[in-house]
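Structure first, commentary second.
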Amino acid sequence: MRERIEKVNFLGKFLASSRSLDETLEMAMIISQDVLGYDHAIIRLLDQTQELRAVKWIGFPREAADRTIRLGEGITGQAAEQRKSILVNDTTNDPRYIKGVENCLSELCSPMIFDGNIIGVFNVESETPAFFSDDDRHILENFVTQLASALEATRLRDELGRAEKLSMIGSFASAILHDIRNDIHQLNIGADLLEMAPDDPARVVTIAQKVRKSAENIHDLVGDIFEFVRTGQTSVTRQKVELAPFMESFTTRLMASSRKDILVNLNVAGSPSVEADPRRLKRLLLNLANNGAEAMPEGGELTISAGKEGGAVFMEVRDSGKGIAPDRLNKIWEPFYTHGKREGTGLGMVIIKKIVDDHGWKIMVASEEEKGTCFRITIPQE
Ligand SMILES: Nc1ncnc2c1ncn2[C@@H]1O[C@H](COP(=O)(O)OP(=O)(O)O)[C@@H](O)[C@H]1O
Ligand SMILES: [Mg+2]
């Protein structure tokens, strides 16, 4: 007896650490079968309509498991209603018995109670009459008490997980949508201005530039969303990329779209090349460059470099901006971490890290407050 109780206690602790509801129920079945040696078993939980609905069973036909049981109905319903276990030695002589399986001759049923509330019942059955003893009854009672708290813990964990996910999606959506709405607003203003000054060529050019910038922003934000959604899967289509011409065309495009108070420099030495997905490499550099520019609200220098060093190829994006305080250096890689700007999404660095990891590269950051920041990517060469 002691040994069996110890087993149940030990396994109860194990139960408390299992993850999903299904895993907990599965473990509960394996453990209880081992300790009680029954022929059939069924776990029912009380649903929102206050009926006992089967969630896990062994040896029951589907139709029997599908049948819900009201409180007070049959042995199961009575155990739940009276909140105490019921031991039946001969089901053929018990008027409360409702047949679920052929050849069930004895039955033991224990209610699961948590915090004073009934949450379900655990039924075990045998094809042998008077199979279960009073010891078995104590063991099952002890076991379902532990199962009830394990189930409750699982439910809470699930709820928390869901809440967390919802709030992630919520902050993601609101950050991005806020930006997109802003840019759409700019597009509308552009259209209004064009209507007002259709014959002023200089103004039309300025307005067109603003409109193009807003459209580009939206394009990039949508790119961020896709990249973020795709973060779960790893697809890298590699090809040989010569960094000199690649970065040349990248910086040309960057200069055309960046603020006039930012000076963009490019240094590529020793004709480095890498195996990379060009589209993703561009996104990587663009995210680094955007962060660099955003760290220089009063203007400054953005230096993009590439070269070879110690058998590896490196790429660097350096800015002369406000830098990152040492205690924030680790946080920048966390999703939704944003600091020091009005409309950050906190996704840029996550995407950067993902692209670097997918390629099997390394990224390092060095930063000094009020001096600037340098991100360096190292690419080992075989
Ligand atoms: N070059 C940089 N200089 C200063 N701070 C930076 C730099 N790059 C990233 N950061 C910090 O890391 C944070 C997270 O960056 P990111 O994930 O791109 O999100 P977001 O740019 O939307 O805020 C930024 O808000 C900023 O505080
Ligand atoms: Mg960013």
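The values are calculated or read from the model by the stated rules, or taken from the named source; none is laboratory data. Since the model is a prediction, treat every value here as computed from it, not as a measurement. Positions of Cβ are generated from backbone atoms using ideal geometry, with glycine treated the same way; all protein chains shown enter the neighbour counts.
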Practice prompt. Please list, ordered by first then second residue, the pairs with beta carbon atoms under 6 Å, 6 or more apart or interchain, first in the range 340-367 and of a type in the set (D, E, K, R), second more than 13 Å from ligand 1 (Cβ to nearest atom) and outside any helix (DSSP H, G or I).
Written response: Asp358/Thr234; Asp358/Val236; Lys362/Thr378
Worksheet item: Pairs under 6 Å by beta carbon, first residue of a type in the set (Asp, Glu) in the range 290-311, partner within 16 Å of ligand 2 (Cβ to nearest atom), six or more apart or different chains?
Response: Glu294/Lys341
Worksheet item: Is there a residue in the range 272-293 that is within 15 Å of ligand 2 (Cβ to nearest atom) and at pLDDT below 85?
Response: yes
Worksheet item: Among the residues of the range 336-370, which ones are within 6 Å of ligand 1 (Cβ to nearest atom) and on the phi > 0 side of the Ramachandran plot?
Response: Gly340, Gly346
Worksheet item: Among helices (runs of 4 or more DSSP H) lying entirely in the range 1-89, which contain 1 or more residues that are at pLDDT below 90 and basic (Lys, Arg)?
Response: 2-16, 62-66
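What do you reckon, is Gly170 small (Gly, Ala, Ser) and modelled with pLDDT of 65 or more?
Working: small (Gly, Ala, Ser): yes; modelled with pLDDT of 65 or more: no.
Against the criterion (small (Gly, Ala, Ser) and modelled with pLDDT of 65 or more), Gly170 does not qualify.
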